[in-house]
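Only one structure is covered here, and it is reproduced in the block below.
Nothing in this text is a laboratory measurement; each read-out follows from the coordinates by a stated rule. These figures come from a predicted structure and were not determined experimentally. Methodologically, a virtual Cβ is constructed for each residue, glycine included, from the backbone with ideal geometry; neighbour enumeration extends over all protein chains shown.
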Amino acid sequence: MSELAAHAGEAHHEALQHHFTSLEQQRAASSLGMWVFIAQEVLFFGGLFATYTVYRHAYPEAFSAGSHHLSWKIGFFNTLVLIGSSLTMALGVYSAAIGKKNRVVGFILATILLGSVFLGVKYFEYGEKIRPCLGDGPHTGCLVPGARFDAASLHVKGADLGHVQIYFSLYFAMTGLHALHMIIGVPILLTIAYFAWRGRYGPEYHTPVEIVGLYWHFVDIVWIFLFPLLYLIGAH
Amino acid sequence: MTSESRTLPADHYLKSGWDLKSWLLTTDHKRIGLMYLVSITLMFAIGSIYAGIVRWNLLVPNGSQMSAEAYNKAFTGHGVVMVFFFLIPSIPATLGNFLIPLMIGAKDLAFPRINLLSWYIYVIGAALTMYALLTGGLETGWTFYTPYSTVFAESNVAVAAVGIFIAGFSSILTGLNFIVTIHKMRAPGLTWFRLPLFVWAHYATAIIQILGTPVVAITILLVALERLFHFGFFDPNRGGDPILFQHLFWFYSHPAVYIMILPSMGVISEIVTCFSRKRIFGYSFIAMSSLAIAVIGFLVWAHHMFVTGLSVYSAMVFSALTYLVAVPSAIKTFNWTATLFRGSVQWDTPMIYVFCFIGLFLIGGLTGLFLGNLGTDVHLTDTYFVVAHFHYIMVGGAIMGYLGGLHFWWPKITGRKYVESWGKVSSLLVFVGFNLTFFPQFVLGYLGMPRRYWSYPEEFQILNVLSTAGATILGFGYLFPFSYLTHSVFRGEPAGDNPWGAKGLEWTTQSPPKTHNFDAVPVVDEEPYDYASPPKETVRV
Amino acid sequence: MSSEHVVSWKVYLAVFLALVALTVITVEVTGHDFGPFNLVVALAVAVTKATLVVLYFMHARYSERLTHVVIASSVAFLVILVFLLLTDYLSRPWSLVAVG
């Protein structure tokens, strides 16, 4: 009962949902909910990382050959872009916490911009590998696993041919799933930016910005592991 | 138990809207629980039809009733529907959704809209999977073993895989909602060790749902990808390892069986204490055992793979861990039994199901020990011994608990009583039918009859006929509650707030509860299951 | 994130710079051949970067203990998955199916 009285003033905050007794309870629940969601995402990607572990242990040369074919410079650039987007996201949450509405919008738009750059680069990287597989012809340079896979372009011999296809299967599955998470994140960020522009968030309530931020940082963390594991295998 | 004549309360959650929109757009956890109840009952009926087809085929030894392919599709359909669309959601999505906010003194779950979303996701997943099963079917077994499922099967593997993938997110969201709700929305005074054991059980279950389901989700997605794009993760021709699929699949699917049984154990704890009129024995041990089962359950998965080509050293590790996971279940069983000792046992229908559960779960659990042992498993694996073992747990255990829970809380959910004599008759039918169906299968397995075989040696026929006869009785046993419970919704006698005289916050509200559950936030100041003191009066404002 | 605690923007900038530096290090190490240690270093750097993101960008440093339990549990169970998988793969006396 006393908890209700203490938060009586907040009962009128428009963002408070009816089943919560206070804004703080709502914020704590939302935050915990996002962390629990992230926990299941760790296991979701984790299945792929486990698969990667098994096959890299079994086929180290094939993985090395596949990895050498990727451009580490592009991966490095994309890593910096994504880390930068995490910085802008964190600064967006910070701006909401200190009540600077315009900066919130600005930093979230910057996050979206950097995320889009990342996706654009990925589109280019994928295109290089997928375009040769389309249509008729010799499919030189095709790196999509399957009948049209062109191992000759990787200078891989005999027994390792099948194994290097597994490397590329993992490459597409892991970076593809990661990219999908970013693609899903962009409209969510846009929505938050819109509501921020409408003045919905302030120091006493900016929970959606906070929890979307948690999601975005998680997507960054996945890439932090993907970059060395896919792009930097073996000495260059 | 109060004896004044009763009417239904003037205002309750079922009255806040009659049209389709008030149901399909509801965020009330009680209505969502009922929508789940309707959906999973439908899926149970479909799964039972598949079971009927399987048992029909096994009446004769030579497979003359149907083609082998049709039989394979039948047992696969039975497994897929029952595991993913009945057992996994059953108690959490129906009773859990309905009761958890009531039990902790909250107005709803933490995320009501996500709750509704989880139901829609379930329905979409179920619709897609049924589409796959009915147009062309699936013959891989519910376990989707590769490379058969990825390379050789000519059925709707990819579509079914996507349907199951989608349904998995329903389970994850339910678990997420429960964890946050139980942590953040307990009423004042409701400390962790005052929580009902039903809530502890769902908390432990939710942990498994969150940490296990995503792994099978990604695995089944990889199967779909391999079917569609030939990725080769599990294809030996490209260096893939089919055993890796099994590892990833069972990493979830073993803990999944604890998702299926833990909520049921929670129900048993609630009923056994109420109908013994006695405080449950070893409350904290039962609570901690639920957590222990959830955690240790993640460490034993490869006991499903002992004969597949696993390293024998790895198998030894998993076998030892499997023996460990039996311990907390045994602790619980002992504690329930100890609760009965010197209690005042009331033989109402929910309690009959408790006795069924304890006896049948005991048999199921003990037979699991033979399977966990490497040596005996070599002979028993992939035989009917395994089939009998898991049906004793899943049907003799989980479903008995589900039925007991439905009967126990039915008055709270609907505001009405069912006819008790029908309850007793049905429970007897279910018990007899169940044992007649599955006990012969222990013998068949021991004698060497393999599972998933369309035909079998003639000397096994009599046991198979007995099993099919039992399945028929069991089917009638299930039809009866469906009929009289549905009938009670329209014609049942009003039950009053607390017809059983039970402890627990849900029994302090009216039956059926108001939409927002409690008019004022309840304050909890007594220990759970304090049957020595009289039941609390309903709080009316 | 604690509802009261606002972290200074300077902390975020410092973490960002540290993350960039660590990324440069991990690329640099790949240029040398340390054998199996290349992987060890790569993972150590990645874990350090992830820890910085979790602690500071995601405010885990200033969050309640329950958040730490959730994070630790997810990592722990991933480790269980990989570790128990490896008890199989590392103790098999035969290699995976050879390609014909």
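Things to note:
- Total formal charge among the other residues, if their Cβ is under 15 angstrom from that of B:Phe233, Lys/Arg +1 and Asp/Glu -1: 0
- Derived from the Cα gyration tensor, the three semi-axes of the equivalent ellipsoid of segment B:193-278 are 40, 10, 8 Å, largest first.
- Positive end of the dipole of segment B:28-508 (Cβ unit charges, origin at the Cα centre): among B:Tyr131, B:Thr383, B:Pro101, the Cα lying farthest that way belongs to B:Pro101.
- Rh by Kirkwood over Cα pairs, then Stokes-Einstein D for segment B:243-397 at 1.002 mPa s and 20 °C, µm²/s: 132
- Cα-based Rg and Dmax for segment B:339-471, where Dmax is the largest Cα-Cα distance (Å): 17.3, 53
- All other residues whose Cβ lies under 15 angstrom from that of A:Thr79 are scored, Lys and Arg at +1 and Asp and Glu at -1, for a net of 0.
- A dipole drawn for segment B:170-273 from +1 and -1 charges on Cβ atoms has a positive end, and of B:Gly239, B:Leu195, B:Ser264 the residue lying farthest that way is B:Leu195.
- Dipole of segment C:9-89, positive direction: furthest Cα of C:Val54, C:His32, C:Ala44, with charges on the beta-carbon: C:Val54
- Protection proxy ranking, highest mean first, for peptides B:408-421, B:147-160, B:207-220, B:333-346: B:207-220, B:408-421, B:147-160, B:333-346, where packing is the per-residue count of other beta-carbon atoms within 10 Å, averaged.
- Equivalent ellipsoid of segment C:9-89: semi-axes from √(5λ) of the C-alpha gyration tensor, largest first, are 25, 24, 5 Å.
- Among A:225-232, A:203-210, the order from most to least packed when residues are scored by Cβ within 10 Å on average: A:225-232, A:203-210
- Taking 7 Å steps out from each Cα toward its Cβ at C:Thr48 and B:Ser22 produces label points 6.3 nm apart.
- Dipole moment magnitude, nearest 20 debye, the protein assembly as shown about Cα centre, only Lys, Arg, Asp, Glu C-beta charged: 980
- Only Lys, Arg, Asp and Glu carry charge here, each on its Cβ (+1 for the first two, -1 for the last two); on that basis segment B:28-508 has a dipole of about 1500 debye about its Cα centre.
- Kirkwood-Stokes translational diffusion coefficient of chain A, alpha-carbon pairs, 10 °C, 1.306 mPa s, µm²/s: 79
- At q = 0.06, 0.09 Å⁻¹, base-10 log of I(q)/I(0) for the protein assembly as shown (Debye sum, equal scatterers on each alpha carbon): -0.43, -0.96
- Legend: distances between Cα atoms for B:Lys412/B:Lys514; B:Lys332/B:Lys424; A:Lys73/A:Lys129; pairs beyond 20 Å are B:Lys332/B:Lys424.
- Taken one residue at a time, the phi angles of segment C:34-41 give Karplus couplings (6.51, -1.76, 1.60, θ = phi - 60°) of 9, x, x, 6, 4, 5, 4, 5 Hz. Gly and Pro are set to x.
- What you get for segment B:189-292, charging only the Cβ of Lys and Arg (+1) and of Asp and Glu (-1), is a dipole of about 540 debye around the Cα centre.
- In order along segment B:200-214, the phi-based Karplus estimate (6.51 cos²θ - 1.76 cosθ + 1.60, θ = phi - 60°) of 3J(HN,Hα) comes to 4, 4, 6, 5, 4, 4, 5, 4, 5, 4, 6, 8, x, 4, x Hz; Gly and Pro are listed as x.
- Taking amide H positions as modeled 1.01 Å from N, with prolines and chain starts lacking one, the residues under 5 Å from B:Arg416 and 5 or more places away or on another chain are B:Ala495.
- Cα convex hull volume per residue for chain B (Å³): 140
- Within the listed set A:Asp220, A:Asp160, A:Asp136, the Gaussian network model of chain A (springs between alpha-carbon atoms below 10 Å) gives the highest mean-square fluctuation for A:Asp136.
- Binning all Cα-Cα separations of segment B:93-187 at 5 Å, short to long from zero, yields these whole-percent fractions: 3, 14, 19, 16, 12, 10, 9, 8, 5, 3, 1, 0.
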